[in-house]
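Student: Sharing a structure, written as structure tokens. Questions coming.
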Amino acid sequence: MSGTRLILLGAPGVGKGTQAKRLEEFFHLAHISTGDMLRDALREGTPLGLEAKSFMENGELVPDDVIINLVKERLQKEDCKEGFILDGFPRTVMQAEKLDELLEGMTQVIDAVVSIQVSNDEIVERLSKRLVCNACGYVVMPGDGLELGDGCNKCSGEIIRRKDDEPDSIRRRLEVYEEKTSSLIRYYEGRGLLQVVDGVGSMDDIFQRTVETLGLSLEPV
Ligand code: AMP
């Protein structure tokens, strides 16, 4: 499936990252997660990381111009030529408009926008339990048997709770989603690109639903 350009929309904790990774692996699309890029910058202590730190820890959005430049650079990379999945971007109407402009300049378009939907109660439940590796960002799955403070199975990192998965920050992130990001559902609906996927169920079920909604095939070609 080459040349496919997707956006995954949804509040924090709906499983965008997990589904994006699956789509990346299965369909060989570049996975562009602005959250992961910012966390890498934070770990490496780059100027971008330092600028983003307090916004991220407090559950606020990093300023649009910073994010737009980050995505602009990323979209120029070779691996995006065959298609990509945007995960966590755009998050404001301004970012969506800039993305349209950027793609127009590259004679590209977005093919579909998938909005993964989960109730706020379920999101709070999921995020308050979520554990990740502080080095590689791996998200701990139920069968992994890993607990807070354990070593990561994939690298030499430590299993931690993200600062923005603390209760106050989760609440703020959900408010920010309502205030700034949820209007993108109408934005993309108006362009005839929006597909809605129920995000409750196993990761496999949700992947299956996403693939079917997009009209893709899991059969080898
Ligand atoms: P995520 O992993 O996508 O939930 O992102 C974690 C944090 O990174 C967010 O709470 C924001 O502080 C920041 N962030 C990620 N993507 C964006 C974006 N597109 N615009 C602004 N801030 C972002």
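Student: To check you understand DSSP bridge types, tell me what percent of the beta bridges within the chain (both residues inside) are antiparallel, rounded to 5.
Tutor: Of the beta bridges lying entirely in the chain, close to 20 percent run antiparallel.
Student: Between ASP65 and GLU219, what is the FRET efficiency for a Förster distance of 41 Å, r being their Cβ-Cβ separation, to the nearest 0.05?
Tutor: On the way: r = 43 Å, r/R0 = 1.05.
My answer for the efficiency is 0.40.
Student: Let me ask another. With n ≥ 4 as the cut-off for DSSP H runs, can you work out [θ] at 222 nm for the chain, using -39500 (n - 2.57) per run divided by the number of residues, rounded to the nearest 500?
Tutor: Dividing the helical sum by the residues of the chain leaves -13500 deg cm²/dmol.
Student: OK, next. Between their Cα atoms, which of LYS154/LYS180; LYS77/LYS163; LYS16/LYS180; LYS16/LYS53; LYS98/LYS129; LYS21/LYS129 are more than 27 Å away from each other?
Tutor: Checking Cα-Cα distances, LYS154/LYS180; LYS77/LYS163; LYS98/LYS129 exceed 27 Å.
Student: I've got another one for you. Could you sort 29-37, 75-83 so that the peptide with the highest average Cβ count within 10 Å comes first and the rest follow in order? Working shown, then result.
Tutor: Numbers: 29-37: 20.0, 75-83: 13.9.
Peptide ranking by packing, descending: 29-37, 75-83.
Student: Need one number: % antiparallel among DSSP beta bridges in the range 1-125, to the nearest 5.
Tutor: Here the antiparallel bridges make up roughly 0 percent for the range 1-125.
Student: Decide, for the chain, between rounded, prolate and oblate: order the square roots of the alpha carbon gyration tensor eigenvalues as a ≥ b ≥ c, take rounded if a/c falls under 1.5, and otherwise choose prolate if a/b is larger than b/c, else oblate. Walk me through the numbers before you get to the answer.
Tutor: Working: a/c = 1.38, a/b = 1.20, b/c = 1.15.
It comes out rounded by the Cα gyration axes.
Student: A follow-up question, please. Report the extension gain between HIS28 and SER182 in nm, rounded to one decimal, defined as 0.36 nm multiplied by the number of residues separating them, less their alpha carbon distance.
Tutor: Working it through step by step, the gained length comes to 52.6 nm.
Student: Report the net charge of residues surrounding THR46, where surrounding means a beta-carbon distance below 15 angstrom and charges are Lys +1, Arg +1, Asp -1, Glu -1. Walk me through the intermediate numbers first.
Tutor: Working: positive: ARG39, ARG43, LYS53, ARG74; negative: ASP36, ASP40, GLU44, GLU51, GLU73.
Net of charged neighbours comes to -1.
Student: Select from GLY149, SER54, GLN195 the residue farthest towards the positive end of the dipole of the chain; place +1 on Cβ of Lys and Arg, -1 on Cβ of Asp and Glu, and compute about the Cα centre.
Tutor: SER54
Read the figures in this text as sums done on the coordinates, not as results from a lab. If you're wondering where the values come from, they're calculated on a predicted model, not measured in any experiment. Cβ atoms come from the backbone with ideal geometry, glycine included; neighbour counts cover every protein chain shown.
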